[in-house]
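The values are calculated or read from the model by the stated rules, or taken from the named source; none is laboratory data. No experiment lies behind these values; they were computed from the predicted model shown. Cβ placement follows ideal geometry from the backbone for every residue including glycine, while neighbour counts extend to all protein chains displayed.
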Amino acid sequence: MLSDLIQMSARLGDNFELVQGAGGNTSAKDSEHIWVKSSGRVLADANQEMIFLPLSLDCRKAIIEDPSTDVSRYIVDPDKYIGLRPSIETALHAILDHTFVAHVHAMNTIAASIQPSLNDRIDEVLCGLNWVRIPYRKPGEELATNIISATQNTEIDIIILDNHGLVCGGDTTEKVESLICEVEARLAPLMNSRFGTDSNMATPTTRINEPGYEYVSDDTVQQLAFDEIALEALSAGSLYPDHVVFLGPGVAIAREGESMSDAVARSNKVRGASVKSIIVPGVGVFAQAGLNEQSLTMLYCLARIGLRLQSGTVTSLTNSDELALVDWEAEQYRRSLKT
Ligand SMILES: [Zn+2]
């Protein structure tokens, strides 16, 4: 069972459409334990190192009764796992009955869930599957509370988490992976992928050299600065939680003639925390100098999602949703493992 979990995790972790950086988490249950990913570990590393922790199965009852339960109390042989924490999203794994559960930041699912104009189409294309959709809630206790009420007395094996991703459960890893593929494939016709197709990109861009900021060397990321739909969507705010965790609240979008430092200062003031990426429309995408790899990975993820939206009218996280993630100690821990 554990070896099936490891193999599934490595496969999911290798697929950037589903898992970016240390995002996503998986679990498996046997008669005594639930094995869940450790916070901050990378699914793609599952074959190289032990990224899972065993918790006593008793944690399930405790979480369902009280989603604020401290799950680290249920680690089996805690002395063996000093310094490791169960995933922030352990509760959602524990709540579901399925032997195997995977939570991924699937890009078609995220992109579809943030566009209100697609709501009817999502219902149509997912018809026939055992699925439920949950509005955005902060990962952890708040999300778990909603999952408990949404899955009570129903046989749900697919959960669409708005502005966040996808959860699938099954008795085998094959079932879980096939459900993830099925959902993503059914949502694919609702996407308008524009990677590498913007003719404006063919014209040389005027680069800005401003101390403290670096041009991001990635064509897909750069395409964001030339894409009207993505720019409109990004002006609404952060689209999903891992963006906030690694890049701060949203993206600063410079106004005509505004310097990057002024755009960042304006954005920081409005949002109450530091943004780490800047778009100068028609010019390029820039990042705070010295941004770590994990944060740059999230910028690439943002481009892959922004450039598949049909409409720039999106539901973003609220500013209080953003600030709840920026100040969250559990996320500071997760970030610290990757810096
Ligand atoms: Zn997540």
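Here is how the numbers come out for the structure above:
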read-out	value
Residue within the range 19-30 that is within 15 Å of the ligand (Cβ to nearest atom), in the same structural domain as residue 164 (by TED's automatic domain parsing) and farther than 24 Å from residue 142 by Cβ present	no
Residue that is farthest from residue 221 (Cα to Cα) [pool: residues in the range 272-290 that are of a type in the set (A, V, I, L, M) and touching a Leu at 6+ places or on another chain (Cβ under 8 Å)]	273
Qualifying residues in the range 227-266 (those that are surrounded by fewer than 16 Cβ atoms within 10 Å (Cβ to Cβ) and polar (S, T, N, Q)) - the one farthest from residue 25 (Cα to Cα)	259
Residue in the range 247-264 that is of a type in the set (D, E, K, R) and within 19 Å of the chain's Cα centre (by Cα) present	no
